[in-house]
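Here is the structure we will look at.
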Amino acid sequence: MAEDLTINTSTDKAEQYATLVPQVEALLYGEPDLVANMANVAAALKEQFKWFWVGFYLVKENELVLGPFQGPVACTRIGLGKGVCGTAWQQAKTLIVPDVDAFPGHIACSSLSRSEIVVPVFKDNEVVAVLDVDSELLDQFNETDAQYLEQIVKLINF
Ligand code: SME
């Protein structure tokens, strides 16, 4: 597909995702390389939503290890049950954190991050990665994000 992403400037998140999802499908189509696909998904989400940080952590030898991302440099390794990412991994469920300061054990890779959503990625019923999205604004994520981000990570062949 062409390298340009069409940005939907609607204020309605569902509409923004509706424009983005088919473009992500096209970006991934026919490409088996996992790093390339995670990189483009992180870039597409960052470009559409202008979030502070978007990226993947991969489960490697019982730790989460930083994968492709868009945004400032970040923590490299996160243990099981640590921070929002490690908790989403441990609980195998999407976590929406409206205020990171109110989340016990939140790992502040950047002091600018204010709210966060972490979506686990499953393969053969095991969590193999998480998608982490951070905003510098409070309360930026809701069930619409959870639903579409879960759909988007399923498009990647892990
Ligand atoms: N805040 C995350 C750590 C990853 S960074 O935000 C990129 C956490 O608490 O797990």
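Please compute the volume of the convex hull spanned by the alpha-carbon atoms of the range 13-154 and report it per residue in Å³.
Roughly 99 Å³ of hull volume per residue.
Leaving out ligands, DNA and RNA, and with a 1.4 Å probe, what % of the accessible surface on the range 13-154 is carbon or sulfur?
With neighbouring chains kept in place, the figure for the range 13-154 is 50 percent.
Which of the residue pairs 13/46; 82/154; 60/82 have a Cα-Cα distance greater than 22 Å in the structure shown?
82/154
Work out the length of the dipole vector of the chain about its Cα centre, built from +1 on the beta-carbon of each Lys and Arg and -1 on the beta-carbon of each Asp and Glu, and round it to the nearest 20 debye.
That gives a dipole near 340 debye.
With the other protein chains left in place, how much accessible area per residue, in square angstrom, belongs to the chain at a 1.4 angstrom probe?
Here the per-residue accessible area is 51 Å².
The values are calculated or read from the model by the stated rules, or taken from the named source; none is laboratory data. These numbers were taken from a predicted model, which means no experiment stands behind them. Cβ coordinates were reconstructed from backbone atoms using ideal geometry, including for glycine residues, and neighbour counts include every protein chain displayed. We work out accessible area using only protein heavy atoms, side chains counted, and drop any ligands, DNA or RNA first. Shrake-Rupley method; radii C 1.70, N 1.55, O 1.52, S 1.80 Å.
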